[in-house]
Amino acid sequence: MRRKNLITRVISMGLGILLTAAPLGTASPSLSASAASSFSFQNSMSETVLKNYLSRAVTFQGLCGEGGDENMLFDEDLRMILRTGAKFVSRAALFAWTSTSVDQVGKHFLYAEKMAKKVHAADSEIILQAFVAEIVRKSYVDKIAIPDWVFQAFGKEPEKRNFSFDKIIDKKKGADYWGSNAGYPDYSNEETLMWYYYCICKYIDAGYESIHIQEGTDTSEYANVDKLLKMGREYAKTHARRGIVLFHNFFDMTTGGNKIGNRLLFDIQGNGLVPNETVKEDGVLKCRIGSPKDFWCTWFGRSSGGEHPLGFTTDICPTLLEFDNYGQQGALGVSNGESFGTWGYDDITWFAVQPEWYRNEFLLYLDNYMKSNGLTKAGKQAYFCLYPMRRVITAQPNWPETVYKPGKRYSTDFLFAYCESKLENIGVNVQSDGTFQLTSKAYYRANRQSDGCPNGFNQEDTIRQIFLGKNAAENPKYNTVILPAGYQPDGNGTPNQTSSQSSSKAAVKPSSVQGNSSLAESAESDTDVSGEASVQIESNALSSNEHSSGAAAINHGKQKSIWPAVWGTVGALAALAGGTVCFLCFRRKQRAKQSDSTKSNKE
């Protein structure tokens with residue numbers, strides 16, 4: 001009986017090990033089994049999975065590079081993306097607007113691929129979107145050689161020549177439509193299609209699974225646009241991370257979307273949010289959104305349905321509306337009525353100059369409105385917001401300002417290098433109380449304000465609430481402060497250093513910047529010591545050492561298998577059972593000897 005009980009205990013212990021060890025082989029919390037069913041796809045995608053991605057969509061202009069410029073806060077920005085649970089990152093890479101040389105274009109594609117690998121090493125489910133813009137510049141187009149594979153894709157014999165600016169641009173709009181030798185592409189030209197195909201394929205090779213194409217809204221261009229998208233999808237079948245690419249565009253308000261017959265050309269369509277003015281009160285220029293029944297100047301409620309490129313039929317094409325940027329429209333702060341000039345601003349600049357509390361309130365209002373209005377016949381959400389994480393704001397006298405109070409991770413060198421960088425262009429005004437008044441003249445940033453993002457506009461928590469829920473558990477990895485590699489806190493981050501001690505050093509501008517301001521292979525991180533407004537990711541999640549090869553980093557969204565843990569546990573269980581059997585045999589022999597000895601003594 002005792003022997004039977006012992007065996008039962010061993011088996012029970014082994015089963016306990018099996019049940020508790022199995023989760024060790026699964027993916028991280030962000031890639032749990034429930035999440036996998038919501039964001040997993042390979043070679044195709046259901047309407048449900050597509051909408052799951054759109055429900056976690058953000059605009060993050062230049063996350064993985066903008067022209068020849070690198071993102072100085074990449075590690076901090078990736079921390080925010082992971083913390084909020086964002087899964088679809090729009091405009092993560094783009095070059096056409098800011099690149100002026102062929103060297104910048106070449107550098108951009110290399111950097112965009114490197115950063116995409118880092119994003120996917122941290123969360124392989126994320127879809128990164130690249131932006132192929134409606135502008136071409138003679139300065140780089142004429143100097144880029146056309147690869148043989150581009151000629152071959154169009155059924156042409158390869159030639160030794162470069163792309164031609166003159167063949168790409170729309171002659172009616174002229175070579176200087178966007179400025180000197182910066183033209184608008186003409187989709188009726190084969191050279192234009194070859195150029196766009198080249199850019200699309202370069203981004204697919206770099207790990208991007210969605211491409212935003214700004215134009216092609218003229219109905220006369222639909223056939224050529226259709227050809228281009230079909231070629232891009234065919235290329236994606238054998239070159240994309242998970243076998244598909246999603247195309248996204250801005251559709252004309254009067255058309256309902258780009259269609260040939262009942263066939264939708266784009267996987268996702270959209271346009272600007274165009275907030276509509278209501279009242280000016282409490283220092284706020286308030287707005288709302290609505291359908292064409294409420295006011296004409298809106299894209300909400302205008303998308304038509306049809307046969308979707310992914311194979312399903314829908315009565316409303318999945319639609320993303322975003323905080324667009326297009327410049328000042330009329331007098332600032334003055335009502336323009338129903339127009340594209342929201343209180344005189346474009347969408348994102350209007351949003352950026354509102355008080356923090358109203359920005360957060362407006363995002364929550366958008367979430368509620370889009371979940372309750374413009375639904376499909378089946379009662380499903382069809383319109384989604386691209387919540388802004390980083391977006392260019394346009395030139396005007398009323399630049400948004402924030403007050404930054406340094407924490408214990410404060411770095412004088414980093415603050416001034418970041419604010420004075422050509423890309424960020426942030427005005428710095430040192431206050432007598434040791435704080436800084438920062439004037440953002442280039443970008444809106446949703447980040448929590450911290451020593452790692454001094455001019456954060458503090459919408460990170462609200463976006464996280466929308467995506468994950470108000471009471472979602474925090475991951476400690478994403479809750480500390482990141483400084484870019486090469487920068488150290490003043491005083492080397494001494495734990496007892498106070499904000500006043502730190503900020504007193506900031507009154508004098510440094511004559512030089514220590515370290516390299518460009519992105520290094522790992523982040524400089526430490527425990528959060530600057531209060532509720534600071535957050536961060538584990539540095540090893542961003543290290544390039546964690547992905548020694550492109551094949552390892554650009555995985556295909558597969559979950560870690562539990563079978564190594566299962567077989568390991570079975571082996572351990574077998575070893576325990578074997579050891580138990582040996583022990584029992586040994587004890588049996590001992591007892592037999594004791595019995596023989598007892599008998600001999602009695603004799």
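The values are calculated or read from the model by the stated rules, or taken from the named source; none is laboratory data. Since the model is a prediction, treat every value here as computed from it, not as a measurement. When we count neighbours, we look across all protein chains shown, and the Cβ atoms used for this are built from the backbone with ideal geometry, even at glycine.
Brief remarks follow.
- Residues located in region 155-170, provided they are part of a loop (DSSP other than H, G, I, E, B) and either loosely packed, with under 14 Cβ neighbours inside 10 Å or touching a strand residue (DSSP E or B) at 6+ places or on another chain (Cβ under 6 Å) (or both): GLY155, LYS156, GLU157, PRO158, GLU159, LYS160, ARG161
- Among the numbered conditions (1) outside any strand (DSSP E or B); (2) touching a strand residue (DSSP E or B) at 6+ places or on another chain (Cβ under 9 Å); (3) of a type in the set (A, V, I, L, M), the only one that ALA417 does not meet is (2).
- Any chance THR402 is surrounded by fewer than 20 Cβ atoms within 10 Å (Cβ to Cβ) and under 28 Å from the mean Cα position of the chain (by Cα): yes
- Odd one out for LEU110 among (1) exposed (fewer than 14 other Cβ atoms within 10 Å of the Cβ); (2) outside any helix (DSSP H, G or I): (2)
- The set of residues in region 225-259 being surrounded by 17 or more Cβ atoms within 10 Å (Cβ to Cβ) and among the hydroxyl-bearing types (Ser, Thr, Tyr) consists of TYR235 alone.
- Of the criteria (1) in contact with a helix residue (DSSP H, G or I) (Cβ under 6 Å, 6 or more places away or on another chain); (2) of a type outside the set (S, T, N, Q); (3) closer than 26 Å to PHE60 by Cβ; (4) at pLDDT 95 or above, which one PHE312 fails: (3)
- When the criteria are applied in full, ALA96 fails the requirement of being small (Gly, Ala, Ser), assigned to a helix (DSSP H, G or I) and either within 22 Å of TRP195 (Cβ to Cβ) or over 10 Å from the mean Cα position of the chain (by Cα) (or both).
- Test: residue in region 391-402 that is assigned to a strand (DSSP E or B) and either closer than 25 Å to PHE250 by Cβ or in contact with a helix residue (DSSP H, G or I) (Cβ under 6 Å, 6 or more places away or on another chain) (or both): yes
- Selection of region 178-197 for residues being over 31 Å from the mean Cα position of the chain (by Cα) and either among the aromatic types (Phe, Trp, Tyr) or modelled with pLDDT under 95 (or both) yields SER180, ASN181, SER188, ASN189.
- Residue in region 223-245 that is part of a strand (DSSP E or B) and assigned by TED's automatic domain parsing to the domain that holds ASN271 present: no
- Evaluated against (1) modelled with pLDDT of 95 or more; (2) of a type in the set (Ser, Thr, Tyr); (3) closer than 21 Å to LEU320 by Cβ; (4) surrounded by fewer than 21 Cβ atoms within 10 Å (Cβ to Cβ), TYR222 falls short on exactly one condition, (1).
- In region 266-302, the qualifying residues are those that are among the β-branched types (Val, Ile, Thr) and surrounded by 14 or more Cβ atoms within 10 Å (Cβ to Cβ), and the one that is modelled with the lowest pLDDT is THR298.
- Taken together, LEU423, LEU438 contain a single residue that is outside any loop (DSSP other than H, G, I, E, B) and either in the same structural domain as LEU94 (by TED's automatic domain parsing) or not hydroxyl-bearing (Ser, Thr, Tyr) (or both), which is LEU438.
- Tally of residues being outside any helix (DSSP H, G or I) and buried (at least 22 other Cβ atoms within 10 Å of the Cβ) across region 342-352: 4
- Considering the conditions (1) in a loop (DSSP other than H, G, I, E, B); (2) in contact (Cβ under 8 Å) with a residue 12 or more places away in the chain; (3) loosely packed, with under 15 Cβ neighbours inside 10 Å, SER339 is excluded by exactly one of them, (3).
- Selection count, region 405-423, where residues are at pLDDT below 95 and surrounded by 20 or more Cβ atoms within 10 Å (Cβ to Cβ): 1
- For region 176-184, the count of residues that are part of a helix (DSSP H, G or I) and farther than 30 Å from LYS118 by Cα is zero.
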